[in-house]
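A quick write-up on the structure given underneath.
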Amino acid sequence: MAEARSNPFPASLRRVRLIASQTLAEALHLRLAWLLVLAGIMLVLMAQWLRDFNFGASELKFLGDFGLGAIGLMGTALAALAMAHLFFSDLMGATAGCVLTRPVRRWEYLGGKLAGVMALLALYVGSLGLVLACLITMREAQLGAAFQPLPEYLQACGLLWLKLTLVSAMTLLVCSYASSALFASSAGLLLAVVAHLRPFTQASGWLSWLRLWPNLALFDPQSLPAGDNLTVLGLLGLVGYWAVFILLLGGLASYVFKHREI
Amino acid sequence: MSQPAEVSWAVELDNFGKSYPVGWTGGRRPAVQGLSLRLAPGQVLGVLGPNGSGKSTMLKALAGLITPSIGQCRIMGHPAGSVEARAVVGYLPESSRFAPHQTGRGFLHYCAGLSSLPPGKVAARIDAVLLWAGLGAAADRKMDTYSKGMLQRLGLAQALVHEPAVVLLDEPASGLDPEGRLALAKLIRELADQGRAVVFSSHLLAQAGEICDRIAILGRGRLLAEGTRFELLGSTRRPVVEASPIESLYLEKLHG
């Protein structure tokens, strides 16, 4: 209590870090997470065999597009399913009761959960990005052609991670009031689909209210195949956009969860 | 973080009631109604009652996991659920399902890290509660290798690791063998002797009657009887923990 009275902020961060590392450790033991990682790797490697269906694009461009698409697809599923599973395994077991009866604020608990899933997604994007990079590099060597400089590739992976973390934050918001992991993960995936379709709301007036929802299409790494990279200012703007929505979704989830009875 | 001027009661329930909405009609089903109780530091309160009588609801409200629909719950003078109250509470939930991949020691480190225990005391406290719980040899094993009784003892260990002033135990004897139940009864008395207030729910009426200073009997969410052992049982004997004849025989045969 003395710690909380004298210096509450570092103590809060310490608790968030503890909950995040516990969440990450649990996530790394999730069979579902490994299944999705395996499916992602297989999809990325399948690009090698599907390269004939490139719709006229260069082979390396197809490999990059297909690989990043596969990482994004499996990553979206991982972001929603892992968040819902980790949240409800605590809540349905005894862990949430043990944690939330200690001097842990509800926002610290949710912040730790979100940070843990974000770390899992960083590992996922990093490892599958590495697999894709190896595949492209091998093909570059075989064809004797250059495709994409490393910084642009890393940027594409970074944008993908930002997008996936937004999906996990949307799922966290649903988790804060939902009563089952199945509902939370399904609703999280549905919200991710809505956020991917956000650009279509520009055209139709009656869907304009959806502009309040994050636009995940902004994070699609279109610069990779086209070669026209984001400016530093544009990238910072995108990171700012991401941070605002992470804070909004996280804040809303914390507000709802604060009043939830365990 | 205001400190109350004088703390005389460790646990207070004032006209506590909890009801839950039923369907879409706006109706509410009461789980607990008009419950008023007080417990001083160093006392043990046993809450007895059939399933669905409101024992867990009462303990959850004291732990701050649910908010009262009416009335008040206070821990050491602070509203239950406030950060100040949670800093002095140790809570054992009804279920003892924890992360199966983690070791018992790892889980206690996690719980101790989230408490207001000074970092320098963490390792020593974990060793002490592991020893008490009889989990010293299994401390570094994964929890998916633990029996139900071991998980229950680990749950008790996490509730005590940060040396709380108020200990709330929901069915602590569940899953424990006779030896474990005797050890639990001794522990509860030891905690009270150290000046801690202990509230626990149980179906084991005889044992509760032996170790409690105060007894509360709940039925259908209402307080049916509450008082000291003397008031309810006419017993002037100080609460003691001793094995019954059948328990003595069992332990003798088990340990030779």
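The values are calculated or read from the model by the stated rules, or taken from the named source; none is laboratory data. On a predicted model such as this, the values are computed, not experimentally measured, just so you know. Cβ atoms come from the backbone with ideal geometry, glycine included; neighbour counts cover every protein chain shown. Just so you know, the surface numbers come from the protein's heavy atoms only, side chains and all, with ligands and any DNA or RNA stripped out. Shrake-Rupley method; radii C 1.70, N 1.55, O 1.52, S 1.80 Å.
Residues in region A:183-199: is at least one more than 20 Å from residue A:73 (Cβ to Cβ) and either open to solvent by 60 Å² or more (accessible area, probe 1.4 Å) or at pLDDT below 80 (or both)?
Checked region A:183-199: at least one residue is more than 20 Å from residue A:73 (Cβ to Cβ) and either open to solvent by 60 Å² or more (accessible area, probe 1.4 Å) or at pLDDT below 80 (or both).
Which numbered condition in (1) surrounded by fewer than 17 Cβ atoms within 10 Å (Cβ to Cβ); (2) within 16 Å of residue A:131 (Cα to Cα) is the only one that residue A:10 fails?
Here residue A:10 meets the rest and fails (2).
Could you tell me whether residue A:188 is assigned to a helix (DSSP H, G or I) and without any contact (Cβ under 8 Å) to a residue 60 or more places away in the chain? Let's see the steps before the verdict.
Numbers: assigned to a helix (DSSP H, G or I): yes; without any contact (Cβ under 8 Å) to a residue 60 or more places away in the chain: no.
Answer is no for this residue.
Exactly one condition in (1) more than 22 Å from residue B:166 (Cβ to Cβ); (2) more than 9 Å from every other protein chain (Cβ to nearest Cβ); (3) open to solvent by 30 Å² or more (accessible area, probe 1.4 Å) is false for residue B:43; which is it?
Unmet condition: (1).
Which of the residues that make up region B:139-150 are in contact with a helix residue (DSSP H, G or I) (Cβ under 7 Å, 6 or more places away or on another chain) and either part of a helix (DSSP H, G or I) or in the same structural domain as residue B:184 (by TED's automatic domain parsing) (or both)?
Selection gives B:143, B:149.
Mind checking which residues of region A:123-149 are of a type outside the set (Ser, Thr, Tyr), surrounded by fewer than 20 Cβ atoms within 10 Å (Cβ to Cβ) and within 24 Å of residue A:24 (Cα to Cα)?
A:123, A:126, A:130, A:131, listed by residue number.
Is region B:205-216 home to any residue that is open to solvent by less than 60 Å² (accessible area, probe 1.4 Å), modelled with pLDDT of 70 or more and on the phi > 0 side of the Ramachandran plot? Outline the logic, then answer.
The initial filter retains those residues of region B:205-216 that are open to solvent by less than 60 Å² (accessible area, probe 1.4 Å), namely B:207-209, B:211-216.
Next, from what is left, pick out any that are modelled with pLDDT of 70 or more: B:207-209, B:211-216.
Narrowing further to those that are on the phi > 0 side of the Ramachandran plot: none.
No, the conditions are met nowhere in region B:205-216.
Check residue B:171 against each of (1) of a type in the set (D, E, K, R); (2) part of a helix (DSSP H, G or I); (3) touching a strand residue (DSSP E or B) at 6+ places or on another chain (Cβ under 7 Å) and name the one condition it does not meet.
Tallying (1) of a type in the set (D, E, K, R); (2) part of a helix (DSSP H, G or I); (3) touching a strand residue (DSSP E or B) at 6+ places or on another chain (Cβ under 7 Å), residue B:171 fails exactly one: (2).
Looking at region A:90-115, which of its residues are within 12 Å of chain B (Cβ to nearest Cβ) and small (Gly, Ala, Ser)?
A:93, A:94, A:96, A:97, A:112
Restricting to region B:100-115, and then to whatever is among the small types (Gly, Ala, Ser) and touching a residue at least 12 places away in the same chain (Cβ under 8 Å), can you tell me which residue is nearest to the other protein chains (Cβ to nearest Cβ)? Lay out the reasoning, then the answer.
So in region B:100-115, the residues among the small types (Gly, Ala, Ser) come out as B:104, B:106, B:112-113, B:115.
Filter again for touching a residue at least 12 places away in the same chain (Cβ under 8 Å), leaving B:104, B:112, B:115.
Numbers: B:104: 13, B:112: 9, B:115: 5 Å.
By that ranking, first place goes to B:115.
Count, please, the residues in region B:83-99 that happen to be touching a strand residue (DSSP E or B) at 6+ places or on another chain (Cβ under 7 Å) and more than 7 Å from chain A (Cβ to nearest Cβ).
4
Restricted to region B:161-172, and to residues that are farther than 13 Å from residue B:199 by Cα and not charged (D, E, K, R), which residue is nearest to the other protein chains (Cβ to nearest Cβ)? Give the steps one after another, and end with the answer.
Our first condition is that a residue be farther than 13 Å from residue B:199 by Cα; within region B:161-172, this holds for B:161-163.
Then drop every residue that is not not charged (D, E, K, R), which leaves B:161-162.
Details: B:161: 10, B:162: 8 Å.
Per the stated criteria, the residue is B:162.
Residues to consider are B:173, B:87, B:124, B:61; find the one that is open to solvent by 10 Å² or more (accessible area, probe 1.4 Å), out of contact with any helix residue (DSSP H, G or I) (no Cβ under 9 Å at 6 or more places or on another chain) and small (Gly, Ala, Ser). Step through it out loud before you land on a result.
Details: B:173 fails: out of contact with any helix residue (DSSP H, G or I) (no Cβ under 9 Å at 6 or more places or on another chain); B:87 fails: out of contact with any helix residue (DSSP H, G or I) (no Cβ under 9 Å at 6 or more places or on another chain); B:61 fails: open to solvent by 10 Å² or more (accessible area, probe 1.4 Å).
Just a single option satisfies the conditions, and that option is B:124.
Within region B:192-202, how many residues are open to solvent by less than 10 Å² (accessible area, probe 1.4 Å) and farther than 21 Å from residue B:61 by Cα?
Here the count works out to 1.
For region A:42-69, enumerate the residues that are assigned to a helix (DSSP H, G or I), touching a residue at least 60 places away in the same chain (Cβ under 8 Å) and open to solvent by less than 50 Å² (accessible area, probe 1.4 Å). Can you show your working first?
To start, the set of residues in region A:42-69 that are assigned to a helix (DSSP H, G or I) comprises A:42-46, A:59-69.
Imposing the further condition that a residue be touching a residue at least 60 places away in the same chain (Cβ under 8 Å) reduces the set to A:44-45, A:59-61, A:63-65, A:67-68.
A:44, A:59, A:60, A:63, A:64, A:67, A:68 - these are the residues of region A:42-69 that are assigned to a helix (DSSP H, G or I), touching a residue at least 60 places away in the same chain (Cβ under 8 Å) and open to solvent by less than 50 Å² (accessible area, probe 1.4 Å).
Would you confirm whether any residue within region B:15-27 is surrounded by 17 or more Cβ atoms within 10 Å (Cβ to Cβ) and assigned to a loop (DSSP other than H, G, I, E, B)?
no
Modelled with pLDDT under 95, facing chain A (nearest Cβ under 9 Å) and either more than 21 Å from residue B:153 (Cα to Cα) or more than 15 Å from the chain's Cα centre (by Cα) (or both) - does that describe any residue in region B:116-138?
Within region B:116-138, one or more residues are modelled with pLDDT under 95, facing chain A (nearest Cβ under 9 Å) and either more than 21 Å from residue B:153 (Cα to Cα) or more than 15 Å from the chain's Cα centre (by Cα) (or both).
Go over the candidates B:136, B:155 one by one and state the one that is farther than 13 Å from residue B:47 by Cα and in a loop (DSSP other than H, G, I, E, B). Please lay out each step first, then the result.
Numbers: B:155 fails: in a loop (DSSP other than H, G, I, E, B).
Going through B:136, B:155 in turn, just one is farther than 13 Å from residue B:47 by Cα and in a loop (DSSP other than H, G, I, E, B): B:136.
Which residue is nearest to residue A:189 (Cα to Cα), if the candidates are limited to region A:37-89 and must be under 18 Å from the mean Cα position of the chain (by Cα) and within 14 Å of another protein chain (Cβ to nearest Cβ)?
The extreme case among them is A:85.
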